[in-house]
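Trainee: Quick one: structure below, then a few questions.
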Amino acid sequence: MKKALLIVTAALALASCANKDQNPFLQEWDTPYGIPPFDKIKIEHYMPAIKAGIAQQEAEIQAIIDNPAAPTFENTVAALELSGEILSKVTGVLYNLSETENSPEMEALIEEATPLQSQHSDNIYMNKKLYERVAAIYNADQSGLTREQQMVLKKLYEAFERNGIGLSDADQEELRKINTEISTVSNKLSTNLLAENNAFKDEFGISVSAYPTAMTTTEDRALRERMFKAYSSRGHNGNEYDNRELFLKLMDLRTRKAKIMGYDNSADFLLANKMAHDHQTVDEFLDGIMKAAVVRAKEEVADMEKIAGFKIQPWDWWYYSEKVRQQKYALDEDMTKPYFEVNNVRKGVFLAAKTLYGVNVEELPDVPKYNPEVIVYKVTDENGNLLGIFSSDYFPRSSKRGGAWMNNFRDQYFDADGKEVRPIICNVANFTSPDENGVALLTVDEVETAFHEFGHALHGLLTKCHYPSVSGTSVTRDFVETFSQFNENWAFQPELLAQYAKHYQTGEVIPQELVDKIINSSKFNQGFATTELCAASILDMKWHELSSIEGIDIDEFEAKVCKEMGLIDEIIPRYRTSYFNHIFGGGYSAGYYGYLWAEVIDMDAFAAFEESPNGVWDKELAKKFKETFLEKGGSEEAMTLFKQFRGREPQSEPFLRGRGLL
């Protein structure tokens, strides 16, 4: 124990000397609610803090191993859960800002830090003495543990098993090399994509997130074709940012890793601890959806070609589908956008949470922020108790990757003194930028995205767990999207629209006629939307089902997969291989199907609200949903939680109806 403490003390001293100013990561954060002191953090602070954090956690783990007492949950598992405080602080900031405040210096930092993190993780999960203590607890009588403790123990034990603890020394050494390479290649793929996204913006004057809107409103067909080809060729241009060879290298590494772990392909290795469990289950699930979606998509093509008067191409879809929508529903975005000013939409997002779960949100104007565009809020329950800190970062900039996401700067858990630590959570998006007057008007899809990402945030904010490894969104990848997609259901409920959807100039509440049009058109273009999503999911699966990458050409492979799945010429997968960031390193490798899988679950859960005699705003049912799902995090098996809520397993009819496929 004394030796361990000396190691970490020396590391901290070294880190302190390495900086002229004191390193914020190595100090207590004397900020409101423990928000990171972004104004004091400099690029040179990260690496010394990472190294000190690794040394600290290594010493803490050594202390666990050296404990002469018999292994127990408290002296081994709980102690490991609470280890690595410095590392958690620095990586919580680093990996959030690398996606929102990127720079050449940040890229160099990530390139240096990522292999260290990978090696440190391997050192933990290949530590035989630590594993022996965990295994002794796992294999003993667990009846004295709470259900949450059992889940924490199960997750930890499986992490050792899935990270090579049972391998020979030679195989462990090979796995270490592969893991380090995977982390490096994944990071390079994402960095290349950011450069390609910025090149797209430089050429066309719009961010990649604004691509659907531009393709919907641009009359010039030749320009639409140019935009389509540039968008769908990102990472595929034969330049320094070309991702094709890098992706093949990534897939080769993942396949080699799976084989070392005893699997024929990386899909089955990655799925073994998910709800779906194996690739055959996922393939069957996606195949059924794809067939139904393509039938609907072909009907949509026929409708568009009646208006266009010619055979449409992929660059025509957005433009002519909008023409069909205007014809069928007398609805276009220019009619709705004035009622969806970004601040009003944010108020609607918060109001839905307050109505359902008693959540209150209060802006904190004078706290540290990582960017001036960020807005920070204190979130409390109906009794005024702190739930957490939430920040929104909604607009595109060149330093931010595309898309929208939720992440944590700090997890929720109880510390060693039994004091609860509440989470710090962010929502990041790339919504339509404000105009010259500072007004940002959102599309219907962007409104849904705002609700979607706050659904993730609620999963993180409302959690009531004791251990960080199961709190909040720490659930399987094919379950986590349940709560974001569930939250989308409230966006266009008439009662809520009447309170937040107000004209940004006049304050007029959105007319009922327009509300009816939005609701009536909700299933419009679902053939396209479902097909492109399902196609990307299948492409992801087929890459990870390969047992060898030898001789594979990306373009030929994509074409073969798209033909076999029955994809029509007018649609491409939502993401092609060279810009499929979700599967580079975003946690969705052999997991992109999770959006559709979770949608079956969330639509069936929402059906309970639709069936309620008290209407969809049934507060008792919302309380049950919160207590069953949102407070539990990963402290219970996903299917067990669903059965507790619905009394049965999920049924697909609500999903198929919601997608307009029935």
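Trainee: In debye to the nearest 20, how big a dipole does region 607-657 give about its Cα centre with +1 on each Lys and Arg Cβ and -1 on each Asp and Glu Cβ?
Mentor: With Lys and Arg at +1 and Asp and Glu at -1, about 60 debye.
Trainee: Past the 14 angstrom mark, what percentage of all C-alpha to C-alpha distances in region 225-272 do you count?
Mentor: Percentage above 14 Å: 61.
Trainee: Here is a follow-up. Using C-alpha positions alone, give me the convex hull volume of the chain per residue in cubic angstrom.
Mentor: In the chain, the Cα convex hull volume per residue is 165 Å³.
Trainee: Are there chymotrypsin sites (Phe, Trp or Tyr not before Pro) in region 293-338 that DSSP puts in a loop and that have at most 15 other Cβ atoms within 10 Å, and which ones?
Mentor: Listed in order of number, the matching sites are Phe310.
Trainee: Using only the alpha carbons of region 419-536, determine the length spanned along each of the three principal axes and report them from longest to shortest in whole angstroms.
Mentor: Between the extreme Cα coordinates on each principal axis of region 419-536 lie 49, 37, 31 Å.
Trainee: Ok, one more. Give me the distance between the Cα centres of region 470-545 and region 610-662, rounded to whole Å.
Mentor: 16
Trainee: Follow-up. What FRET efficiency, computed as 1/(1 + (r/R0)^6) with R0 = 22 Å and r the Cβ-Cβ distance, is obtained for Asn67 and Ala140, rounded to the nearest 0.05?
Mentor: Calculated value: 0.85.
Trainee: In nanometres, what is the gap between the two model label sites at Thr31 and Lys306, each 7 Å from Cα along Cα-to-Cβ?
Mentor: So the label points at Thr31 and Lys306 sit 5.7 nm apart.
Trainee: Helix 2-17 against the longest principal axis of the chain: what's the angle in degrees, Cα atoms only, rounded to the nearest 10?
Mentor: Computed tilt is about 60 degrees.
Trainee: Output the relative contact order of the chain, whole-number percent, from Cα pairs under 8 angstrom with separation of 6+ residues.
Mentor: 16
Trainee: Between Lys42 and Asn239, take the C-beta separation as r, use R0 = 35 Å, and let me know the FRET efficiency to the nearest 0.05.
Mentor: 0.60
Trainee: Moving on to the next point. Could you tell me what percent of the DSSP beta bridges with both partners in region 337-463 are antiparallel, to the nearest 5?
Mentor: Percentage antiparallel, nearest 5: 80.
Trainee: Still on this structure: Could you work out the helix-only [θ] at 222 nm for the chain, with each DSSP H run of four or more residues adding -39,500 (n - 2.57) and the total divided by the number of residues, to the nearest 500 deg cm²/dmol?
Mentor: Helices in the chain give a 222 nm mean residue ellipticity of -17500 deg cm²/dmol.
Trainee: Continuing with the same structure: Report in % the part of the accessible area of the chain that belongs to carbon and sulfur, leaving out ligands and nucleic acids; probe 1.4 Å.
Mentor: Reported share for carbon and sulfur atoms: 49 percent.
Trainee: Can you work out D for region 342-397 in µm² s⁻¹ from Stokes-Einstein, where Rh is the Kirkwood radius over C-alpha pairs, the temperature is 10 °C and the viscosity is 1.306 mPa s?
Mentor: Answer, rounded: 132 µm²/s.
Trainee: Here's another thing I want to ask about it. Relative to the present Cα-Cα distance, how much length would full extension add between Leu662 and Asp332 at 0.36 nm per residue of separation?
Mentor: My answer for the length gained is 116.3 nm.
Trainee: Using alpha carbon centroids, what distance separates region 249-311 and region 86-130, in Å?
Mentor: 31
Trainee: Using 0.36 nm per residue, how much length does the chain from Asn273 to Lys155 gain when fully extended, once their Cα-Cα distance is taken away?
Mentor: 41.5 nm
Trainee: Right, something else. Restrict the search to region 341-421; then list the trypsin sites (Lys or Arg not before Pro) that DSSP places in a loop and that have at most 16 other Cβ atoms within 10 Å of their Cβ.
Mentor: Within region 341-421, the qualifying trypsin sites (Lys or Arg not before Pro) (loop, at most 16 other Cβ atoms within 10 Å) are Arg397, Lys419.
Trainee: Can you compute log10 of I(q)/I(0) for region 542-662 with the Debye formula, treating each Cα as one identical point scatterer, at q = 0.20 Å⁻¹?
Mentor: So the normalised log intensities are -1.15.
Trainee: Let me ask something additional. Can you give the angle from 0 to 90° between the axis of helix 147-162 and the longest principal axis of the chain, with both taken from C-alpha atoms, to the nearest 10?
Mentor: It works out to around 90 degrees.
Trainee: Nearest 20 debye, what's the magnitude of the dipole of the chain about its Cα centre given +1 on Lys and Arg Cβ and -1 on Asp and Glu Cβ?
Mentor: Here the size comes out at about 480 debye.
Trainee: Ok, one more. Mind jotting down the distance between the C-alpha centroids of region 28-56 and region 143-216, whole Å?
Mentor: Between the Cα centres of region 143-216 and region 28-56 lies a distance of 23 Å.
Trainee: Just from the alpha-carbon atoms, what are the Rg and Dmax of region 101-257 in angstroms?
Mentor: 22.5, 70
Trainee: Need one number: % antiparallel among DSSP beta bridges in the chain, to the nearest 5.
Mentor: If I count the DSSP bridges inside the chain, around 80 percent turn out antiparallel.
Trainee: Given 10 °C and 1.306 mPa s, how large is the Stokes-Einstein diffusion coefficient of region 33-102 in µm²/s, with Rh as the Kirkwood radius over Cα pairs?
Mentor: 116
Trainee: Averaged per residue, what accessible area in Å² does the chain show with a 1.4 Å probe, protein chains only?
Mentor: Normalised by residue count, the accessible surface of the chain is 42 Å².
Trainee: On a full-extension model of 0.36 nm per residue, what is the gain between Asn614 and Lys560, subtracting their alpha-carbon distance, rounded to one decimal in nm?
Mentor: Extra length available between Asn614 and Lys560 comes to 14.4 nm.
Trainee: Now for a different question. For the cross-link pairs Lys419/Lys623; Lys464/Lys624; Lys354/Lys517; Lys229/Lys523; Lys42/Lys369, which exceed 18 Å when the distance is taken from alpha carbon to alpha carbon?
Mentor: Lys419/Lys623; Lys354/Lys517; Lys229/Lys523
Trainee: Tell me the relative contact order for region 341-455 as a rounded percent, counting alpha carbon contacts under 8 Å between residues six or more apart.
Mentor: Normalised by residue count, the contact order of region 341-455 is 23 percent.
Trainee: A further question follows. Could you calculate, for region 519-591, the ratio of the Cα radius of gyration to the Kirkwood radius, expressed as Rg to Rh?
Mentor: 1.03
Trainee: Within region 265-311, which trypsin sites (Lys or Arg not before Pro) sit in a loop by DSSP and count at most 11 neighbouring Cβ atoms inside 10 Å?
Mentor: Sites meeting the loop and neighbour criteria: Lys311.
Trainee: Which of Lys323/Lys378; Lys311/Lys560; Lys155/Lys560 have a Cα-Cα distance over 32 Å?
Mentor: Lys323/Lys378; Lys155/Lys560
Trainee: More than 19 angstrom separation, counting every C-alpha pair in region 466-610; what % is that?
Mentor: 65
Trainee: Take the Cα pairs of region 117-196, get the Kirkwood Rh, then feed it into Stokes-Einstein at 20 °C and 1.002 mPa s and tell me D in µm²/s.
Mentor: Using the Kirkwood radius from Cα pairs, D works out to 148 µm²/s.
Trainee: What share of all Cα pairs of region 305-377, in percent, falls into each consecutive 10 Å distance bin?
Mentor: Over region 305-377, the share of Cα pairs per 10 Å bin runs 15, 26, 22, 20, 15, 3 percent.
The values are calculated or read from the model by the stated rules, or taken from the named source; none is laboratory data. Predicted, not measured: the structure shown is a model, and the values here were computed from it. Positions of Cβ are backbone-derived with ideal geometry, glycine not excepted, and every protein chain shown enters the neighbour counts. These accessible areas exclude ligands, DNA and RNA; they are computed on the full protein's heavy atoms, side chains included. Shrake-Rupley method; radii C 1.70, N 1.55, O 1.52, S 1.80 Å.
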